[in-house]
1. Roughly how many nanometres apart are two label points built 7 Å out from the Cα toward the Cβ at T133 and D151?
2. So, taking all protein chains as they sit and a 1.4 Å probe, how much accessible area belongs to H219, in Å² rounded to tens?
3. Pairs K183/K296; K52/K199; K49/K234; K52/K159; K49/K264; K159/K264: which exceed 30 Å Cα-Cα?
4. Report the extension gain between K52 and D224 in nm, rounded to one decimal, defined as 0.36 nm multiplied by the number of residues separating them, less their alpha carbon distance.
5. Starting with the highest mean, order 107-115, 93-101 by the number of other Cβ atoms within 10 Å, averaged over the residues of each peptide.
6. Using packing as a proxy for protection, rank 136-147, 80-91, 118-129 so that the peptide with the highest average count of other Cβ atoms within 10 Å comes first.
Amino acid sequence: MRNCAKTLILGLIILVSLNATCQEKTSSVSETKKEIKAKKKKKKRKKVKLSKIDLSHWSVTTPELNRKGGAMNIEPPEILDYATDERLIPYMYNDSIKGTLDFYAFPSNATTANTKYSRSELREQMVPGDNNTNWTFAEGAYMKGKLRIEDISRDANGKYHKVIIMQIHGRLTNEQRDLIGQKDNNAPPMLKIYWQDGKVRVKTKVLKNINATGDELLHEDAWDNDEGFNFEQKVGFRKFTLEVKISEGKMVIVLNKNEFKVYKGIHMEKWGVFENYFKAGNYFQSRDQGAHATVKYYSLEVSH
């Protein structure tokens, strides 16, 4: 009887010991899995995403004043060092989580010719560092950008300020400039694409006199603004894609690959007299105190 009791007690001791060992092993395995998971999360958090936008054919204008009292402009190759350039860091910088190139603008005294607004905006340079080489509608052009509005202020009535996010700007050749006696090469912007009240709005130019010809077409006052066009889709603060397709006598704007606005006819045909270049970024349209906007570009590409 005593031997049976001893055997039973010994069996219970062994069973308890085995159970404790199993629990210890299970706990150890469980802790190991947790540690691995934690390390993976930590590693994932540390991953940095940098913008893949090629800036080798763009210059940038910012709300910062340069030494001469005008708007700061940085061209290639200096623009390629934007991430460490103290002149650019406040206005054009990487979001290393989203992998975007961000443009921040606010009202400042750093404005460019013929405007009262400041900007953090890219200007296409077909030849890096040179503004004299541009394209015509006959030669064709294409720009595509994926972007969203990160942040934008409101006016005194609670209405969001507006911002131009893409442009096609006209330019006079040196010969055209001299022909009409103008002091610079500036010509009207053929295209302005706005973010306005959460929608994408397009503005273009039309001739005041469709019978105008020759050097009459070169004068800025020969052109007027059209009534504008709003795409139906409300993009709000979500990511969206814009495409601008240019061919002889024709301009097509595409929103998210499913809404199209086509411009063609006499106005587009006669616009062919000008050279052009693309612009993209944050051309902020307010002088209100404390106003600001941030535009995030996920991608930007141009081809000719």
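The values are calculated or read from the model by the stated rules, or taken from the named source; none is laboratory data. Because the structure is predicted, anything quoted here is derived from the model rather than measured. Virtual Cβ from ideal backbone geometry, glycine too; neighbours counted across all protein chains shown. Surface areas here come from the heavy atoms of the whole protein model, side chains and all, with no ligands, DNA or RNA. Shrake-Rupley method; radii C 1.70, N 1.55, O 1.52, S 1.80 Å.
1. The answer from the label model is 3.9 nm.
2. 70 Å²
3. The answer is K183/K296; K52/K159; K49/K264; K159/K264.
4. Result for the pair: 58.2 nm of gain on full extension.
5. 93-101, 107-115
6. 118-129, 136-147, 80-91
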